[in-house]
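Student: First the structure, then my questions, so here it is.
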Amino acid sequence: MLLIAYLSFLLLLTLCLGFEFSACRTGPGPGPEAGSAPATNPAFRHFQLRFYRVYFLALWSDWLQAPYLYKLYQHYGFLESQIAVLYVCGLASGVLCGLVAGWLGGRLGGPRRACLLFCACYSACCLTKLSRDYFTLLLGRALGGLSTSLLAPSFEGWYQGQHLERHDFPREWIPGTFRQAATWNHGLAVAAGFAATVLAEWLGLGPVAPFLAAVPCLLLCGALVIHTWEESPEQNGNQNLNRTLLSRSCTDGLSCLLSDRRVLLLGSVEALFESVVYIFVFLWTPVLDPHGAPLGIIFSCLMASSMLGGSLYRAASTRVQPLPLLSLAVLLAFLSLSLLCFSTLPGRESPSQSFLAFLLFEGACGLYFPAMGFLRGRVIPESRRQGVLAWLRVPLLLLACLGLLALHGSGEGLAGPRRMFLGSTGLMLAALLATAGLFTLARHDRELRLETESGAGGQQAGDCS
């Protein structure tokens, strides 16, 4: 398994670099096109780099913690059922805090202060990993969920506010920034997995080392926010207005969800698919770790596979519409989960087949998220999107928690990971049926068709960010 992991890492890394170099030579890259106004505007480039150096530090700190989370809890001697509760606590905290992330930013006085709260909470979350006390670790997971819910809204909200209000740059330049950030985000994830392996295994510092290494990165991120970022006066919003808008958004979102069949079907696909993603995050470590897999390198391989899925979307979207690509992504995810049901049979486990299925699933995720981002932007009205997404988080949370707790167990037969894979396969089958229903209903809908490659990239970046 060790050799397979390292060879896969080199192969996937080579493929990712090849795709990116090919994209740069054949068309506009992930950043502003050479010779375009954003690329030749020194004030904009300086502002963009000021955002990137802080945002990338935050993303790096987040990714650095991912490969060894399950391993750390296992290292402390907790049972699989106890680890599942820790994951559920983090998931519930992230989803519930995500519902009020925008309102919380207003309460704090703007996204800059929300960014500082992110740095403080995530640093505290990392430091709780030094403790073997279960309730301290539960608190850490709750802080981690709060932190991840603040990450994108706070940092990207600061950028958009500064871009439009303080610097008065054209709104059309925003997608290019987020498109470039999304590409670098995948690269950071791949590099973070490798760095975590070096710290935890090559240097022999143990699974807590990546979490401790994230703390100085978060402190540096917070220091840069304090010294190089300013708050827009307009963003110190009215708290009562924010609360009213949140309530109205939820009411309008529920009405939109129940009255438009396209929204309901697309929302069902999102809730089902992404609940399985949360279960997958819990499962890959206990399946591969007993066979000597280097967890950081495995994580890098998974992120590289997801990056390849995104590259496949960009290449295919010039010829194939996003709705068929979404259907393909859900089908690939269903096939990968079906394979995992066979490769995790008790007594007949096949770690190499499971690893291949995990790569296929991550590739499907890389294809799914930009396709879903485009369709979400076309199907759900912008004025009601926040409310609809808030309501979709409810079944997503319930399904993921059900998968982690009710389907989880120990014993013979359909126990442990295989039982969870069977349940996840059922959820993905339901997502596949909902996708088929959406395809039947909207296959001739010109509103859901992508006319140009540039439009795909812009819409993808705007919605996925």
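The values are calculated or read from the model by the stated rules, or taken from the named source; none is laboratory data. All of these numbers come straight from a predicted model, not from anything done at the bench. A quick note on method: Cβ atoms are made from the backbone with ideal geometry, for glycine too, and the neighbour counts reach across all protein chains shown. The accessibility values were calculated without ligands, DNA or RNA, using every heavy atom of the protein model including side chains. Shrake-Rupley method; radii C 1.70, N 1.55, O 1.52, S 1.80 Å.
Student: Which Rg and Dmax, in Å, describe the Cα atoms of region 95-150?
Tutor: 11.9, 36
Student: What ³J(HN,Hα) values, in whole Hz, does the Karplus curve 6.51 cos²θ - 1.76 cosθ + 1.60 give for region 122-127 when θ = phi - 60°, with x put for Gly and Pro?
Tutor: Going residue by residue, I get 6, 5, 5, 4, 5, 5 Hz, with x marking Gly and Pro.
Student: Is the shape of the chain best called rounded, prolate or oblate, per the rule: a/c under 1.5 gives rounded, else a/b larger than b/c gives prolate, else oblate, with a ≥ b ≥ c the square roots of the Cα gyration tensor eigenvalues?
Tutor: It is rounded, given that a/c, with a ≥ b ≥ c, falls under 1.5.
Student: Turning to a different aspect of this structure: Of Phe342, Phe211, Thr435, which is farthest towards the positive pole of the chain's charge dipole, taken about the Cα centre with +1 and -1 on the beta-carbons of Lys, Arg and Asp, Glu respectively?
Tutor: Farthest towards the positive pole: Thr435.
Student: Extending each Cα 7 Å along its Cβ direction at Ala43 and Gln353, get the distance between those two points in nm, one decimal.
Tutor: Going by the 7 Å Cα→Cβ label model, 6.2 nm.
Student: Determine the distance separating the Cα centre of region 158-191 from the Cα centre of region 304-324; give it in Å without decimals.
Tutor: Answer, in whole Å: 21.
Student: Within the chain, what whole-number % of the accessible surface is contributed by carbon and sulfur, with the 1.4 Å probe and all protein chains included in the calculation?
Tutor: 64
Student: Under a no-solvent Debye model with one identical scatterer per Cα of region 92-193, what's log10 I(q)/I(0) at q = 0.14, 0.23 Å⁻¹?
Tutor: -0.65, -1.21
Student: Suppose the chain between Leu219 and Arg166 were pulled fully straight at 0.36 nm per residue; how much longer would it get relative to their current alpha carbon spacing? List each step's numbers first, then the result.
Tutor: Details: separation 53, 0.36 × 53 = 19.08 nm, distance 2.62 nm.
Between Leu219 and Arg166, full extension yields an extra 16.5 nm.
Student: Shifting gears a bit: Would you compute, from DSSP H runs of 4+ residues alone, the mean residue ellipticity of the chain at 222 nm, taking -39500 (n - 2.57) per run and dividing by the full residue count, rounded to the nearest 500?
Tutor: -27000 deg cm²/dmol, from helical runs alone.
Student: For Leu396, what is the net charge nearby, where nearby means another residue's Cβ is under 15 Å from its Cβ and Lys, Arg count +1, Asp, Glu -1?
Tutor: Details: positive: Arg376, Arg393; negative: Glu270, Glu274.
Combined, the nearby Lys, Arg, Asp and Glu give 0.
Student: How much area per residue is accessible in the chain when the probe is 1.4 Å and only protein heavy atoms are counted (Å²)?
Tutor: Per-residue value: 43 Å².
Student: Also, I was wondering about something else. Charges only on Cβ, +1 for Lys and Arg, -1 for Asp and Glu: so what's the dipole of the chain about the Cα centre, in debye to the nearest 20?
Tutor: Approximately 320 debye in magnitude.
Student: What are the ³J(HN,Hα) couplings of region 15-21, residue after residue, when phi is run through the Karplus curve with 6.51, -1.76, 1.60 and θ = phi - 60°? Round to Hz, x for glycine and proline.
Tutor: Values per residue, Gly and Pro as x: 5, 4, 5, x, 4, 5, 5 Hz.
Student: If we count trypsin sites (Lys or Arg not before Pro) as exposed when they sit in a DSSP loop and have at most 14 other beta carbons within 10 Å, what is the longest stretch of the chain that avoids them all?
Tutor: Here the longest segment lacking exposed loop sites spans 133-318.
Student: Using the Karplus curve 6.51 cos²θ - 1.76 cosθ + 1.60 with θ = phi - 60°, what ³J(HN,Hα) values do you get for each residue of region 174-187, in whole Hz, with x for Gly and Pro?
Tutor: 5, x, x, 5, 6, 5, 5, 5, 5, 5, 5, 4, 4, x
Student: Where Lys and Arg each count +1 and Asp and Glu each count -1, what net charge lies around Pro417 among other residues with Cβ under 12 Å from its Cβ?
Tutor: Working: positive: Arg418, Arg419; negative: Glu80, Asp289, Glu349.
That works out to -1.
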